[in-house]
Structure formats: C-alpha cells, structure tokens
Amino acid sequence: MEEIAQIKQRPGESPRLPGRVLPRAIFDASPELVAPRLLGKLLVHRTATGLLAGRIVEVEAYLGPHNRPPDPAAHAHRGPTPRNQVLFGPPGHAYVYAIYGRYFCMNISCESEGRAGCVLLRALEPVAGMQRMAANRGLSTNAPARQLTSGPSRLCQALGLTRMSHNGICVTSAKSMLQVRDDGFAVPEVRVTPRIGIKHAVDWPLRFAVPGHPCVSGPKQMRPI
DNA sequence: ATGCGGATGATCT
DNA sequence: GATCATCCGCATC
C-alpha cells in the first residue's frame, strides 16, 4: 500500500492544509496535457464541519470544440449552452453537472478563457474525512476506501459536491472551499487507456490512471493492473 | 467476476 | 422525445 498523507484537525482549530494550491497556469493548457499532471494531487473540500480530501488517482480529458478533430464525447463539443458555460470561462474552475437524475460529476475547466476543455475527476484515494465520506455515501464507517471515492459520482457524493453549491467555483484560490493542492507527492506511474462510459470516440486514449491503485474505477478488466 | 435492468430528471434537439 | 462522462442490486457463470 501507499503512503497516505496525514491531515490532522483539532477541534475548534482551522486545519492546516497540506502543500500549496496548484497554480492556475497549470490549467491554462490542453486537457490531455493537464489530466496526467493532476494525478497524485489532492482535491480538498473545506466545509464548516471539517475537511474532506482525496488524492486524485484517475482522470479523463474532454477536448473543446476548437480541437481537430472535435471530441464528440465532450459536453462542450457543440459550443456553449447554459449547462456548459463554465467550460468556456477561465481555467481552473469546477464544472459540476447532474447526470442520470441522481448523481453529479466534477470536472475542472482547462484552456484560456473563451476556449473550452476540461478534466473529469473519476477516482480519488480518500485522505481526510473518511468517516463523513462513508456517511455521505450511505455506507458503514468500516467500508473499504474503494467504495467511497471510486467513480466520478461516488467521489462527488463522498465529498458532498453538488452543482448548486460548487459549479463555477475556482479551485486555485487560497480562499476557495474547493481546491486542488500539491503536497509534493508524485505518482509512481501513469497508464493511458480509452475513456469509460461514453458512446463516441471510444478509442481515444484520454483516460489517465495510477496503475494498480485499488481506488481506480471501472470493471476489473478495464482497470489498469 | 461479469452482465443485465431500473431508478430518475436535467438537458438539448 | 431521446439521450446520458452512473450506481446499485440481483442473476448467472
């Protein structure tokens, strides 16, 4: 197993967050370049009642309509709509959308303002607030980490991320309740595969994961070994 | 371990 | 009216 960062929080004391927020410039680039660089970084949700955080172990890139050829699986591929407007805004902002009537997925916008593109967060390794994550997911407190945050909607449920509260939030601001942070951890390896759960461009190699990590999502055959 | 079907509602054409 | 970047439970191997 891998080393797990300690994030301690004493009662009545604001937690000292590990590392530093990822600079916005990181996201001012093509999603296929940004995506692998997010592996190993921390997604941190600061709530009134405590910290929820996980290390990113699986992501997917979705390309903007300026890309040639266009990415038919991307929400932005036909241009701006009310739902996807965040993707055409500045980089480094959360794009949270509802899916299948009951779930949410979280992305981070990429590219300069005016251009779309994003990285979908597909799986985290839980790092802080596991007890609350289990409660948010309706699982018992001793549920394995994999059941908490392995899957794009599972991780949103575990961290309490919703469209109403989090869509459009900047993840590179020191004041933000939702941040991507770099604590210096480097993933040992990155594996590239096709994206999961889409019906178009099924062969494009735009999924990036830490091979062998137990929290990576997907059927076992699809999971990197 | 793998493969289905159903829940459930916003979004877009 | 159709689609959907999902999850869970249950059936079957």
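Just so you know, all these numbers are worked out from the coordinates, no wet-lab data involved. This structure is a prediction, so every number in the text was calculated from the model and none was measured. Don't worry about glycine lacking a Cβ; one is built from the backbone with ideal geometry, like all the others, and counts go over all protein chains shown.
A few comments on the model shown:
- Identity of the residue in segment A:76-121, in contact with a Phe, Trp or Tyr (Cβ under 8 Å, 6 or more places away or on another chain) and hydroxyl-bearing (Ser, Thr, Tyr), that ends up nearest to A:Arg55 (Cα to Cα): A:Ser109
- Every residue from segment A:48-74 that is in a loop (DSSP other than H, G, I, E, B), within 16 Å of DNA strand B (Cβ to nearest atom) and either buried (at least 22 other Cβ atoms within 10 Å of the Cβ) or in contact (Cβ under 8 Å) with a residue 40 or more places away in the chain (or both): A:Gly64, A:Pro65, A:Asp71, A:Pro72, A:Ala73, A:Ala74
- Tabulated pairs, segment A:136-152, first farther than 21 Å from A:Arg102 by Cβ, second more than 7 Å from DNA strand C (Cβ to nearest atom) and polar (S, T, N, Q), C-beta under 8 angstrom, 6+ apart or interchain: A:Thr141/A:Gln131
- Helices (runs of 4 or more DSSP H) within segment A:120-162 that include 3 or more residues of a type outside the set (Phe, Trp, Tyr) and more than 16 Å from A:Ser217 (Cβ to Cβ): A:130-137
- Scanning segment A:183-210 for residues that are assigned to a loop (DSSP other than H, G, I, E, B), touching a strand residue (DSSP E or B) at 6+ places or on another chain (Cβ under 8 Å), within 29 Å of A:Arg68 (Cα to Cα) and more than 14 Å from DNA strand B (Cβ to nearest atom) gives A:Val190, A:Pro194, A:Arg195, A:Pro205, A:Leu206, A:Val210.
- Restricting segment A:163-179 to residues that are in a helix (DSSP H, G or I) and closer than 15 Å to A:Leu121 by Cα, the residue that is farthest from DNA strand B (Cβ to nearest atom): A:His166
- Matching residues in segment A:75-95 - criterion: being buried (at least 22 other Cβ atoms within 10 Å of the Cβ), within 14 Å of DNA strand B (Cβ to nearest atom) and either over 13 Å from A:Arg163 (Cβ atoms) or aliphatic (A, V, I, L, M) (or both): A:Ala76, A:Val86, A:Leu87
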